[in-house]
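Chemist: Can you keep this structure in mind? I'll have questions shortly.
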Amino acid sequence: MSILLGRSPDRSEPRAAPAHTGSRTTRILGAGVLAGVVGLGLFAFIFSPPDSRPGPEAGTRIGQFDVVRLMYVHVPAAIWTYIALGTCAAASAAYLWRRSAWWDRLAHACAEIGVVLCAVMLLTGMIWGRPVWGTWWEWGDVRLVTTLVLFLTYAGYLALRSVPAAPEARASRAAILGLGGAVLIPIVNRSVEWWENRTLHQQSTLEELRIEDLTLFTLVLGIFVMGLLVLWLVVHRFRVAWLEAEAESAGLQAALAERRAEAAEPVTAGPVAAAEPVTAGAADDGAGSAGP
Amino acid sequence: MRDVLLVAGKDLRIELRSRVLLFQVAPFAVATLVLLGFALDADRSALRNFSPGLFWVAVLLTALLAAQRSVAIEHAGRAADALLLSATSPARIFAGKALALAAQLAVLEALLGVAMVVLYDARVDHFGLAVASASAATVGIAAAGTLYGVLAAPLGVRETLLPVLLLPVFAPVLIGATRAFGDALGTAAVNGWAWFGLLGLFALVYAIFGALAYGPLLEAET
């Protein structure tokens, strides 16, 4: 919890907003992510072998060859999509329970990162599907179709969040939507097992453990590095949301102070005003009666 | 139950008096079926084969209009505030509005069903399955439409936002209802009753979720 804003989520407002989105912890985390991405790149493109096995006929090779390297991004993106959107749903439920802006902003940050990861999962899946399945898109594949529906559902969530509204009202609506969309997550995740005859997707690569050695190591490394990246992105997105809210509040306070200052100034222009100058107290009364 | 019927009766009376369903939504539904017919090049055998899917696409597009209409009548003149002040529980308000929307959709589906038989030359082999699956799908669509409708209701972009929110939610209904109707109309060799079960589950989930979530949403609106 402290990595986000250094505060308990139980209070409705923090003591003070951070001045920027970086901190010592996130800079160390960011450096770790950079090192991890470089390491993953080396293992994915250089050290790990392509998928190639002897074919039925002498001298031939079969397999996915270099296309298999997409798995090191696709599978981690899929796993972290479920985790990010699942966290969004859990934070949405926590918001409805505690009514804390902390949970609302966590849900928002996780949804945004989750939607990006879901897009990465779909795109890498399509690029992989073209040479392996022979098509960019397969309507008969349940996981593919349900993943697209999941993507569209949370894209709608982000659309709802982008509409200007009172913060509390927007948070409540988004929480309901975030919670409702979570119904799809287990369906997408388990679809390969539930509809075995309605999918081209293979069974879970990790559960079956049909890959070994360097390929498996690179895949696990990809999952770990993607996890660090997601954490780094969520922390920064959370802090950006917090700063946005602070800026909005500061802007409102400044506008209110400006109006009060205007109302307090004596009016000097015009013949009536010249004859009977309006006092600060009278101007205040007028402003008070006109305002809410 | 009395409160539920009162809210549903209110919505249905407004529709009867305003005739929006009759003069605007129903012609839109039939026009959608006609356009889908043109899209398939008016090929009679293709239209008959695809009639379950085309029928449910038309129903879902029409349901969007009906759901928007259902929340618009509460939003006009802040009628939702009056409903809340009446001390009726949000869950009952939700149930009443969903019931009224389901009744309107049932009328529209009956009209579209006749149009499908006439325009697409569709034949109903299992009438019981068709009615059962249409009923389950209608309850699900009405529950989800009422919930997501109130979610987008107070926002200035309701007309564009509601389809974005609602169409992905309708996807399981479209899949399930098309399969069930495929069996009922003899255009697909599937177990329609299994898909009826999925539709029933969807309706149950959204009815419960909607009843629980409607209160916080109404509070957020006021």
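What follows is calculated from the coordinates using simple rules that are stated; it is not laboratory data. Small disclaimer: the values here were computed from a predicted structure and weren't measured. Here Cβ is always computed from backbone atoms with ideal geometry, including for glycine, and neighbour counts include all displayed protein chains.
Chemist: I'd like the orientation of helix B:2-18 relative to chain B: the angle between its Cα long axis and the longest Cα principal axis, in ° from 0 to 90, rounded to 10.
Modeler: Taking Cα atoms only, the helix is inclined about 70 degrees.
Chemist: Further question: How much FRET efficiency would the formula 1/(1 + (r/R0)^6) give for A:ARG130 and B:ASN191, where r is the Cβ-Cβ distance and R0 is 30 Å, rounded to 0.05? Intermediate values should be presented prior to the final figure.
Modeler: Numbers: r = 34 Å, r/R0 = 1.12.
The formula returns an efficiency of 0.35 here.
Chemist: Run through every distinct alpha carbon pair of the stretch B:19-68 and return the Kirkwood hydrodynamic radius in angstroms, one decimal place. Please report the intermediate quantities before stating the final value.
Modeler: On the way: mean 1/r = 0.0884 Å⁻¹.
Evaluated over the stretch B:19-68, this radius sits at 11.3 Å.
Chemist: Please report Rg (one decimal) and Dmax (integer) in Å for the Cα set of the stretch B:82-161.
Modeler: Using the Cα atoms of the stretch B:82-161, the pair Rg, Dmax is 16.3, 51 Å.
Chemist: A further question on this structure: With the cut-off at 18 Å, report for the stretch B:109-222 the share of all Cα pairs above it, as a whole percent.
Modeler: 56
Chemist: Continuing with the same structure: What dipole magnitude, in Debye to the nearest 20, does the stretch B:67-222 give about its Cα centre under +1 on Lys/Arg Cβ and -1 on Asp/Glu Cβ?
Modeler: Working: 7 positive and 9 negative charges, 17 e Å.
Magnitude of the dipole: close to 80 debye.
Chemist: Set the Förster radius R0 to 41 Å, insert the Cβ-Cβ distance between B:HIS75 and A:ARG27 as r into 1/(1 + (r/R0)^6), and round the FRET efficiency to 0.05. List each step's numbers first, then the result.
Modeler: Numbers: r = 48 Å, r/R0 = 1.17.
With a Förster radius of 41 Å, E is 0.30.
Chemist: Shifting gears a bit: Add -39500 (n - 2.57) for each DSSP H run of 4 or more in chain B, then divide by its residues: what number comes out at 222 nm, to the nearest 500 deg cm²/dmol? Present the calculation step by step, with values, prior to reporting the outcome.
Modeler: Values: 8 runs with 184 residues, N = 222.
Computed mean residue ellipticity for chain B: -29000 deg cm²/dmol.
Chemist: Write down the radius of gyration of chain B and its Dmax, each obtained from C-alpha positions, in Å.
Modeler: Values for chain B (Cα only, Rg and Dmax): 17.4, 55 Å.
Chemist: What do you get for the angle between helix B:127-152 and the principal long axis of chain B? Use alpha-carbon atoms, 0 to 90 degrees, nearest ten.
Modeler: 40
Chemist: Run the dipole for the stretch B:50-140 about the Cα centre, Lys and Arg Cβ at +1, Asp and Glu Cβ at -1, nothing else charged, and hand back the magnitude in debye, nearest 20.
Modeler: On the way: 5 positive and 5 negative charges, 47 e Å.
Computed charge dipole of the stretch B:50-140: roughly 220 debye.
Chemist: Going through the stretch B:1-109, which trypsin sites (Lys or Arg not before Pro) have at most 14 other Cβ atoms within 10 Å and a DSSP loop state? Walk me through the numbers before you get to the answer.
Modeler: On the way: sites: B:ARG2, B:LYS10, B:ARG13, B:ARG17, B:ARG19, B:ARG44, B:ARG48, B:ARG69, B:ARG78, B:ARG92, B:LYS97; in loops: B:ARG19.
Listed in order of number, the matching sites are B:ARG19.
Chemist: Here is a follow-up. Compare the Cα positions of B:LEU60, B:LEU99, B:LEU151 along the charge dipole of chain B (+1 at Cβ of Lys, Arg; -1 at Cβ of Asp, Glu; about the Cα centre) and return the one farthest towards the positive end.
Modeler: B:LEU99
Chemist: Using a 4.7 Å cut-off between beta carbons, which cysteines in the protein assembly as shown end up with no partner cysteine at all?
Modeler: Singleton cysteines: A:CYS118.
Chemist: Just to confirm a number: summing +1 for Lys and Arg and -1 for Asp and Glu over residues other than A:TRP137 whose beta-carbon lies under 14 angstrom from that of A:TRP137, what do you get? Each step should come with its number before you reach the end.
Modeler: Working: positive: A:ARG130, A:ARG143; negative: A:GLU138, A:ASP141.
With Lys, Arg at +1 and Asp, Glu at -1, the neighbours total 0.
Chemist: What list of ³J(HN,Hα) couplings, whole Hz, do you get for the stretch B:37-44 from phi and the Karplus terms 6.51, -1.76, 1.60, once you set θ to phi - 60° and write x for glycine and proline?
Modeler: x, 4, 4, 9, 6, 6, 7, 4
Chemist: Here's a follow-up. Compute the orientation-averaged projected area for the stretch A:114-189 from the convex hull of its Cα atoms and round it to one decimal in nm². Show your work: numbers first, answer last.
Modeler: Numbers: hull surface 21.4 nm².
One quarter of the hull surface, i.e. the mean projection, equals 5.3 nm².
Chemist: What does the charge dipole of the protein assembly as shown about its Cα centre add up to, to the nearest 20 debye, if the Cβ of each Lys and Arg holds +1 and the Cβ of each Asp and Glu holds -1? Walk me through the numbers on the way to the answer.
Modeler: Numbers: 37 positive and 39 negative charges, 87 e Å.
Around 420 debye, computed over the protein assembly as shown.
Chemist: Assuming R0 = 35 Å, can you tell me the calculated FRET efficiency for the pair B:GLU219 and B:ASP121, based on Cβ-Cβ distance, to the nearest 0.05? Could you put the intermediate results ahead of the total?
Modeler: Values: r = 51 Å, r/R0 = 1.44.
Once the sixth-power term is evaluated, E becomes 0.10.
Chemist: Place a label point 7 angstrom from the Cα of B:LEU40 along the Cα-to-Cβ direction, then list the residues of the stretch B:58-78 whose backbone nitrogen is under 16 Å away.
Modeler: B:58-60
Chemist: Please pull out the direction-averaged projected area of the protein assembly as shown, using the convex hull of its alpha-carbon atoms, in nm² to one decimal place. Provide the component values of the computation, followed by the final result.
Modeler: On the way: hull surface 136.0 nm².
That works out to 34.0 nm², a quarter of the Cα hull's surface.
Chemist: Taking the convex hull of the Cα atoms, report for the stretch B:123-180 its projected area averaged over all directions, in nm². The partial results should precede the final answer.
Modeler: Details: hull surface 17.4 nm².
Hull-based average projected area comes out at 4.4 nm².
Chemist: Here is a further query. Counting only other residues whose beta carbon sits under 15 Å from that of B:GLY145, what net charge do I get with K and R as +1, D and E as -1?
Modeler: Charge balance in the 15 Å sphere: -2.
Chemist: Shifting gears a bit: What does the stretch A:16-131 give for Rg and for Dmax, in Å, if only its C-alpha atoms count?
Modeler: Rg and Dmax of the stretch A:16-131, Cα atoms, are 19.9, 71 Å.
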